[in-house]
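First comes the structure, then the notes that go with it.
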Amino acid sequence: MGIKIIGTGSYVPEKVLTNHDLEKMVDTSDEWIRTRTGISERRIASETEASSDMAFKAASRAMEMSKTKPDELDLIVVATITSDRITPSTACILQGKLKAHNAACFDLQAACTGFLYSLEVVNALMTSNPKFKKALIIGVEKLSVITDWKDRNTCVLFGDGAGAVILEKRVGKHDIGGILASKLASNGDFCELIKVPAGGSSNPTSAETVKKRQHYLSMEGQEVFKLAVNEMAKACQDVLLRAKVDISEIRWLIPHQANLRIIKAVGNKLEIPEEKVYINVHRYGNTSAASVVIALDEIVRTGKINRGDYILLTAFGAGITWGANLLRW
Ligand SMILES: CC(C)(COP(=O)(O)OP(=O)(O)OC[C@H]1O[C@@H](n2cnc3c(N)ncnc32)[C@H](O)[C@@H]1OP(=O)(O)O)[C@@H](O)C(=O)NCCC(=O)NCCS
């Protein structure tokens, strides 16, 4: 038996915000952003485009690729930190838009690691419950609404977008592979490193919190950088060891697209050739839970993946959370 990805899709908003555009908004330069982060441009959703709208477009593409009808979906999981509303879940809002009335739906919040967490959670649910045969997982973010466009330390880093996969339980004897091993980890001692300080139950939105700009994301970049490199590399080594797969057998390493220097440092630590490390951070910036799954969809749609290939995913984010999944295509 295997839980297999049978379709992928992604969507990024039309509006492109370049580093040169940012030069006009904050005290920064194209040169600084490119050399420190590798980012050249990012996509920004329109005012009327919510996370569920982007999720709908990515999901529709994945369903089209896998020829999945809405009523075949048994589960919809949306990984996001920018849900349409506090409640109901974006997964339920998406279910309504898709008319996928047979699905159980919930959101999963593990920041930039959300898609990787969702893969393993759905894998476990599908393995243990015979009712779950087909599932839709989305990673989606409209980070532009929690980005402080006056803070040069963070506003150059983020972008909006969505990615989707359809998973199916396969029971045939040739249906080996799927999700081979996952490592999910977190450490709440570091919960202050990346945060949105206000708008939740500990510090509800008030005129004061808005004035202090506490409903925007803040981050201690350098500390995050060091932790991210070490933990992503260790998580990858962990899943490789458990699945008895050598790094030389990996076709693609897809790291969370936060910063080119982090991506390269993880690749170097794992001693994987550069050409096997997928990079699109220059085009989209950090799209949090959407980043790894948008990259996966690009690889699939450009024919850069073959049946039997090993794919290693890794990510790191607020919480802090981190992890890795080893997939066999
Ligand atoms: C944020 C990040 C790009 C900053 O890069 P860095 O090399 O660590 O830069 P520093 O924070 O040391 O800042 C260096 C200087 O550049 C300045 N700076 C920060 N942002 C700037 C910008 N957009 N433009 C110009 N200068 C900037 C700082 O103020 C600082 O100036 P100072 O030395 O006069 O104080 C980097 O730390 C990073 O990518 N961290 C991880 C972030 C991440 O991945 N977060 C999400 C995890 S999911």
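Miscellaneous remarks
- Any chance residue 44 is in contact (Cβ under 8 Å) with a residue 24 or more places away in the chain and in contact with a strand residue (DSSP E or B) (Cβ under 6 Å, 6 or more places away or on another chain): yes
- Residue 122 being within 30 Å of residue 214 (Cβ to Cβ), buried (at least 19 other Cβ atoms within 10 Å of the Cβ) and modelled with pLDDT of 95 or more: no
- Inter-residue pairs, beta-carbon under 9 Å, first in contact (Cβ under 8 Å) with a residue 24 or more places away in the chain and over 13 Å from residue 26 (Cα atoms) and in region 143-163, second surrounded by fewer than 16 Cβ atoms within 10 Å (Cβ to Cβ) and among the charged types (D, E, K, R), 6+ apart: 160/15
- Residue match in region 263-273 (condition: within 13 Å of the ligand (Cβ to nearest atom), in a helix (DSSP H, G or I), modelled with pLDDT of 95 or more and more than 24 Å from residue 80 (Cβ to Cβ)): yes
- Among the residues of region 149-180, those that are of a type in the set (D, E, K, R) and within 16 Å of the ligand (Cβ to nearest atom) comprise 150, 151, 152, 160.
- Inclusion of residue 146 among residues that are touching a Ser or Thr at 6+ places or on another chain (Cβ under 9 Å), closer than 25 Å to residue 283 by Cα and away from the ligand (no atom under 16 Å from the Cβ) is not warranted.
- For region 219-260, a residue qualifies if it is of a type in the set (A, V, I, L, M, F, W, C), away from the ligand (no atom under 11 Å from the Cβ) and in a helix (DSSP H, G or I), and the qualifying residues are 233, 235, 236, 239, 240, 241, 243, 247.
- Annotation note: of 83, 60, the sole residue that is away from the ligand (no atom under 16 Å from the Cβ), over 30 Å from residue 177 (Cβ atoms) and either without any contact (Cβ under 8 Å) to a residue 40 or more places away in the chain or under 19 Å from the mean Cα position of the chain (by Cα) (or both) is 83.
- Of the residues making up region 200-212, not a single one is farther than 30 Å from residue 66 by Cβ, surrounded by 15 or more Cβ atoms within 10 Å (Cβ to Cβ) and touching a residue at least 60 places away in the same chain (Cβ under 8 Å).
- When residue 216 is tested against the conditions (1) assigned to a loop (DSSP other than H, G, I, E, B); (2) free of Cβ contacts under 8 Å to residues at least 24 places away in the same chain, the lone failure is (2).
- Within region 284-322, the residues that satisfy the criterion of being at positive phi, modelled with pLDDT of 95 or more and surrounded by fewer than 24 Cβ atoms within 10 Å (Cβ to Cβ) are 303, 319.
The values are calculated or read from the model by the stated rules, or taken from the named source; none is laboratory data. Keep in mind it's a predicted model, so treat the numbers as computed, not measured. Every residue, glycine as well, gets a Cβ built from its backbone with ideal geometry; the counts of neighbours run over all protein chains shown.
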